[in-house]
Amino acid sequence: MRLTRPFAWSLLPFTVLLAAAGYGPAPTAASAPVANFTQGVITTRVSLPGNPYDKLLSQVDPAKGNIQAQLQQLAGRLTAAEQQQLQAAAATLSPAMTIGAMMLPRKGTIYCRGKEARATTDALTYHLENYFNLTTNKGLLRMVSQSTPQNVNYTYDAASVEKTWQSIVVTDVDYTLRTTPETVLVAGYPSQKTTYTLKPGAEGAKPDGPGQLGNKPVALDVWTSPQIPQSLNFAHPVYVNQAHGITRLVVYFDKERKQQLRYEFATVQVRPVTDQELKVATTAPVLDYAKDAMQIGVQAMALMFGGGPKASADTEE
C-alpha cells in the first residue's frame, strides 16, 4: 500500500523508527580520534521545533500509562494566556504537522552488533520494535497499542518496504547539495554537515493549498560520521544517499524554516550486545510485508490512531 505524500508526512512517526525526544546544540568537534562504532547501544531523540504542541507533548511519558490523564494534567497547568497562545498557533498549523506532533515517538534506543540492529521506541498510542539484519537485508517489525491488546507483527525485506517507509526522497535531481567544512560532535562522534536545498521548480515543491505543505521539504541539514555504520540509516523516513551514518538530521518543511523535524543521536555506549537485546518477541500471526502490505497498513494505522480492527488474538502482558 502506498500512501499519498501529504498523508505519509502525517505518519512520519511510523517511519521514524529510530526516533526519540528533544534537541540541543552540540560542542565543537575535538581533534582526538574516535574508534569506529561496531557494537553497543545508541539512544536517539527527535522533536518538532516550531510546532505549538511539541513542548506539551514532549512531557508525556508513555511508560507511566494513562496518557489521557497525563495530557489533561499538563493542559491544566497552562495559564489562560498560554492556552490562547497555543490555540492561535495551532490554528495556523498544517494538518500533517498536527498529526505528526500527536504521534511522534520521542525516545528511541538502538541495539547494534555488527550487521544486526534492533530499534525500540514509544509513541503516545503505540510501542514499536524493529529488527534489521544487513547481511540478509531482512527485518522483523512489531507494533503494539499502548491502550489495547492490539498488535501487528511482520517480516520484511529492504526492497519491499523502501518506497513506503521512505516518504521523503532526497536526490540531486530535486536538491542542490553542498558539503560544508562545519564539523561538530554529536554524542561524541565528529560529524560533518551537508546541506540540501530544494531546486526552484522541482516537482512537488508547491503546496497543495492554503495552509498545506509541499510534497517535498524545502531544505535539509544532515550530519554524518565515518565512524558510524551507514546501515543504521535504514529506517529513516528521509532517504539521503550518504556514505556514512547519519547522527543528526534537520528537515525544514516551510520556506521560513519554522516547521522542522529534528533527529539526532543523544548517547552512544560502546559495549557488548546480547542475543536477547536483538530479539523481537512476537505473537502470532507474523505477516509478510511482501504479501500482506494492505493488511499491515490498515492494522498499523489503526494502532497509531488508537482504534480499529484487532491485529492479533493474543493479548500483551
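Read-outs: derived from the displayed coordinates by stated rules, not from any lab. Please read these numbers as outputs of a predicted model, since none were measured by experiment. Cβ coordinates were reconstructed from backbone atoms using ideal geometry, including for glycine residues, and neighbour counts include every protein chain displayed.
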(request) Treat the count of other C-beta atoms within 10 Å as a stand-in for reagent exposure and order 265, 37, 305 from fewest to most. (result) 305, 37, 265
(request) Tabulate in residue order the Karplus-calculated ³J(HN,Hα) for segment 226-231, using 6.51 cos²θ - 1.76 cosθ + 1.60 with θ = phi - 60°, rounded to whole Hz; enter x for Gly and Pro. (result) x, 7, 9, x, 4, 4
(message) Give me the Å³ per residue figure for the convex hull around the C-alpha atoms of segment 106-200.
(response) 166
(message) Can you work out the Karplus-derived ³J(HN,Hα) for every residue in segment 143-153? Use 6.51 cos²θ - 1.76 cosθ + 1.60 with θ = phi - 60°, whole Hz, and x for glycine or proline.
(response) 10, 10, 5, 7, 10, 9, x, 6, 7, 9, 10
(message) Test of understanding: extend the Cα→C-beta vector of residue 39 to 7 Å, then name every residue of segment 266-289 with backbone N under 13 Å from that spot.
(response) 270-278
(message) At a 10 Å Cβ-Cβ cut-off, how would you order 271, 142, fewest neighbours first?
(response) 271, 142
(message) Taking the Cα of residue 138, stepping 7 Å toward and past its beta carbon, and measuring to each backbone N in segment 286-308: which are under 16 Å?
(response) 286-292
(request) Take 193, 255, 115 and order them by how many other Cβ atoms sit within 10 Å, fewest up front. (result) 255, 115, 193
